[in-house]
Amino acid sequence: MSQLNEFPHRPTEAITDLTALSGNFRSIKDHLGDSIQYMAVVKANAYGHGAVECSRQLEKDGVDWFAVALAEEAIELRDAGITKPILCLGGVWPGQAEILIRNNITPTMFNVETAELINSVAKELNVVVKVHVKIDTGMGRIGILPSELDSFFDRMTQLPYIKIDGLMTHFAAADDPEERDFTQEQLAVFKQAVELAASKGIAPTYIDAANSPGTFVYPESRLGMVRLGGILYDLTDDILPAGTNKPKLKPVLSLITRISQLKQVKKGSTLGYGRTYTAERDMIVAAVPIGYNDGYKRGLSNKAKSIVNRQYVNVVGRVSMDWTLLDVTDVSDVKLGEKVVLIGSDGDCKIRTEELSQMLGTISYEITCGLSSRITRKYI
Ligand SMILES: *Cc1c(COP(=O)(O)O)cnc(C)c1O
């Protein structure tokens, strides 16, 4: 056994609030109703929130399906006792098919070769494997192009150990109001593909198109099931256009650390690599044990805020690999070991992941997904 199992860790923690996650799912369901099914997208470790814990919570809360990107992620959920159907959005690589089938994981089909592979493994195991087919209606990423669907469906219907039980597509720009025509065209092309399938006797149980922005910006795209990622975690400001009618949600992730050193800094001193910050007055500077190796990005240098003692404080100087500096001069009664909130809330102060992503010119998903394994995980 590793000595680290019982070893007290550095107090830099990502805390996933499973009660908030659960509340968000309930709130979304109240908003959208019971007539559709709900697929929770928990790929990439549930967007960095902890796939196993989030999935256990959502399974209890009555989610219908899970989606992951990798076969490995699907197996991880089965190993953790998740029993609801799991759609594997990514490919099936050589050697993975049998274990996927044995774990009752539903693969997504986007080429003939994989379908043939699954069919042959399913034949050996003497089972019929249900698959979902991804159609590329304009994302230009994975999926069968509409022009190739006719022959694809014909080939699929010749594979007796495969049953197409789902048809899906994915929107490229449902979050962008200027792309309304394009998104509607994607939906129209998808509906034609569904009709083509029907004309060939393919009658899938699931027909789905909508991701989080699709679901809320284009109610007509909800069809039989919605595939929700970001909205479950309340990562919404950068994926839902302002003014979108959405349910009440709460942030799920907080990022905290504690003060490692407090230092009196004289006016005129410079702080950190590259001397990018010069003290304009005598200051008190706190060093906190988090840096870009933890996923607290260097681009936040001299830009981001965090919260100490229910007050906002500025990040000063460069964020380095393991350390970040904060100007705590104006914080009353600041102490070594004091809690620092980098994402989350304290009193009336709050910092949303979207504020950090905006400073970095990215989206909130990249921040939560980018929190490294060096950060301790906690669940409440
Ligand atoms: C990631 C993903 C989703 C979820 O997208 P959000 O915008 O986070 O809701 C849905 N469908 C597919 C195919 C995906 O890859």
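The values are calculated or read from the model by the stated rules, or taken from the named source; none is laboratory data. What you see is a predicted model, and the numbers here were worked out from it, not measured in a lab. Glycine gets a Cβ as well: all are built from the backbone with ideal geometry, and neighbour counts include every protein chain shown. For the accessible areas, the whole protein counts, side chains as well, though only heavy atoms, and no ligand, DNA or RNA atoms are used. Shrake-Rupley method; radii C 1.70, N 1.55, O 1.52, S 1.80 Å.
Quick notes
- Every residue from the range 68-120 that is in a loop (DSSP other than H, G, I, E, B), surrounded by fewer than 15 Cβ atoms within 10 Å (Cβ to Cβ), small (Gly, Ala, Ser) and at pLDDT 95 or above: 80, 81
- Selection from the range 136-150 of residues that are open to solvent by less than 80 Å² (accessible area, probe 1.4 Å) and free of Cβ contacts under 8 Å to residues at least 12 places away in the same chain: 145
- Scope the range 193-210; condition farther than 15 Å from residue 223 by Cα and among the polar types (S, T, N, Q); matching residues: 199
- Those residues of the range 330-353 which are surrounded by fewer than 18 Cβ atoms within 10 Å (Cβ to Cβ) and either out of contact with any Phe, Trp or Tyr (no Cβ under 7 Å at 6 or more places or on another chain) or modelled with pLDDT under 95 (or both), in sequence order: 330, 332, 333, 335, 336, 337, 338, 339, 345, 347, 348, 350
- Yes/no for residue 313 being within 21 Å of residue 284 (Cα to Cα), part of a loop (DSSP other than H, G, I, E, B) and among the aliphatic types (A, V, I, L, M): no
- Condition broken by residue 133, with the remaining ones in (1) under 29 Å from residue 239 (Cα atoms); (2) in contact with a Ser or Thr (Cβ under 8 Å, 6 or more places away or on another chain); (3) open to solvent by 20 Å² or more (accessible area, probe 1.4 Å) satisfied: (3)
- If the condition is being touching an Asp or Glu at 6+ places or on another chain (Cβ under 6 Å) and surrounded by 17 or more Cβ atoms within 10 Å (Cβ to Cβ), then the range 258-282 contributes only 259.
- Count - residues of the range 366-380 that are under 16 Å from the mean Cα position of the chain (by Cα) and open to solvent by less than 50 Å² (accessible area, probe 1.4 Å): 5
- Each residue in the range 200-228 was checked for being touching a helix residue (DSSP H, G or I) at 6+ places or on another chain (Cβ under 6 Å) and within 11 Å of the ligand (Cβ to nearest atom), and 6 of them qualify.
- In the range 299-310, the residues that are more than 18 Å from residue 362 (Cβ to Cβ) and open to solvent by 60 Å² or more (accessible area, probe 1.4 Å) form Cβ pairs under 9 Å with partners that are at pLDDT below 95 and not in a strand (DSSP E or B), at six or more places apart or across chains, as follows: 310/347.
- Unmet criterion (only one of (1) within 14 Å of the ligand (Cβ to nearest atom); (2) without any contact (Cβ under 8 Å) to a residue 40 or more places away in the chain; (3) open to solvent by 40 Å² or more (accessible area, probe 1.4 Å); (4) closer than 26 Å to residue 340 by Cα) for residue 45: (2)
- Conditions (1) open to solvent by 50 Å² or more (accessible area, probe 1.4 Å); (2) more than 16 Å from the ligand (Cβ to nearest atom); number of the one not met by residue 197: (1)
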